[in-house]
Amino acid sequence: MEWPERLVNEAKKRMEPYDVEGFVLGKGDDRGEIMIVGEAPGENEAVKGEPFIGRAGDELDKQLDYLGLSREDVYITSVVRSRPYKWVKTNKKGMGGKRKANRKPNQKEIYAHAKLLDYQIEQMKPSLIIALGGVAYERLTGDKGKISDVVGKAIHTPVQREERGGYVETEEKYTIVPLYHPAAVFYNPKIKEDIYRSLDHLKEYLEREGD
Ligand code: URA
């Protein structure tokens with residue numbers, strides 16, 4: 001996807017106050033039908049400038065495969081384009097070292113990058129947006145409810161777009177299917193059954209719509 005430099009520079013400038021690194025714009029088929037929206041890059045993604053190439057990326061590939069899709073079929077992007085990090089102690093005895101750990105993006109960081117996701121959605125006009133995790137789902141819909149209540153459901157809704165210091169709803173409606181973020185299974189292995197149940201719903205939707 002071609003980018004107006006102005007938008008990229010503005011987003012980078014707005015992110016200056018925050019502890020973030022790297023910049024990842026998105027990858028895949030932006031002329032296709034399906035957009036996948038993640039949360040923010042992790043360490044590997046920030047270094048290489050590509051989305052989902054770490055451990056969560058391997059899990060995402062497995063889930064795409066289960067849906068009968070591959071990365072070439074979809075466009076992958078995220079709410080925030082730089083890796084939000086925090087300093088944590090390494091805990092090695094006597095070393096007193098520190099390392100950067102991933103953290104969730106805050107609302108100001110999400111807003112700082114909002115125009116980029118708005119631009120991508122407007123350009124691509126995807127017929128399906130898969131929101132990976134609560135951050136992506138809330139950014140797109142404004143719904144602060146629990147993601148567990150909506151995973152796997154096809155929701156026809158306007159999406160939020162940034163305007164004059166806040167968000168407004170788009171006139172067009174989009175179809176959003178929220179899923180758990182692929183990294184969720186690392187923190188909560190018990191969630192696997194729910195993940196595959198939601199993938200089954202999405203698979204049915206894809207089969208139905210593909211006819
Ligand atoms: N999590 C995301 O949301 N995006 C990535 O690219 C990697 C992990």
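The values are calculated or read from the model by the stated rules, or taken from the named source; none is laboratory data. All values reported here derive from a predicted model rather than from experimental measurement. Ideal geometry is used to build each Cβ from the backbone, glycine not excepted, and the neighbour counts take in all protein chains shown. Surface accessibility is based on the protein's heavy atoms, side chains included, excluding ligands, DNA and RNA. Shrake-Rupley method; radii C 1.70, N 1.55, O 1.52, S 1.80 Å.
Key figures for this structure:
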read-out	value
Estimated 222 nm signal from helices in the chain, with DSSP H stretches of n ≥ 4 weighted -39500 (n - 2.57), rounded to 500	-10500 deg cm²/dmol
For the range 20-210, alpha-carbon Rg relative to the globular expectation (2.2 N^0.38 Å, N residues)	1.03
Estimated translational D of the range 81-123 in µm²/s (Stokes, Kirkwood radius over Cα pairs; 37 °C; 0.692 mPa s)	259 µm²/s
Average accessible surface area per residue within the chain, 1.4 Å rolling probe, Å²	55 Å²
Whole-percent carbon and sulfur share, accessible surface of the range 83-211, 1.4 Å	48 percent
Potential extension, N106-D73 segment - 0.36 nm per residue separation minus Cα distance	8.8 nm
In the range 20-107, trypsin sites (Lys or Arg not before Pro) in a DSSP loop with at most 12 other beta-carbon atoms within 10 Å	R31, K92, K93
Label-point separation, E207 to K146 (7 Å along Cα→Cβ), nm	2.9 nm
Debye-sum result for the range 113-157 in log10 I(q)/I(0), which assumes one identical scatterer on each alpha carbon, at q = 0.22, 0.28 Å⁻¹	-0.82, -1.18
The range 83-172: Rg to Rh, with Rh as the Kirkwood radius over Cα pairs	1.12
Selection of trypsin sites (Lys or Arg not before Pro), the range 145-191, meeting DSSP coil and at most 14 other Cβ within 10 Å	K146, K153, R164, K173
Spacing of the two label points (7 Å from each Cα toward its C-beta) at R31 and E172, in nm	1.7 nm
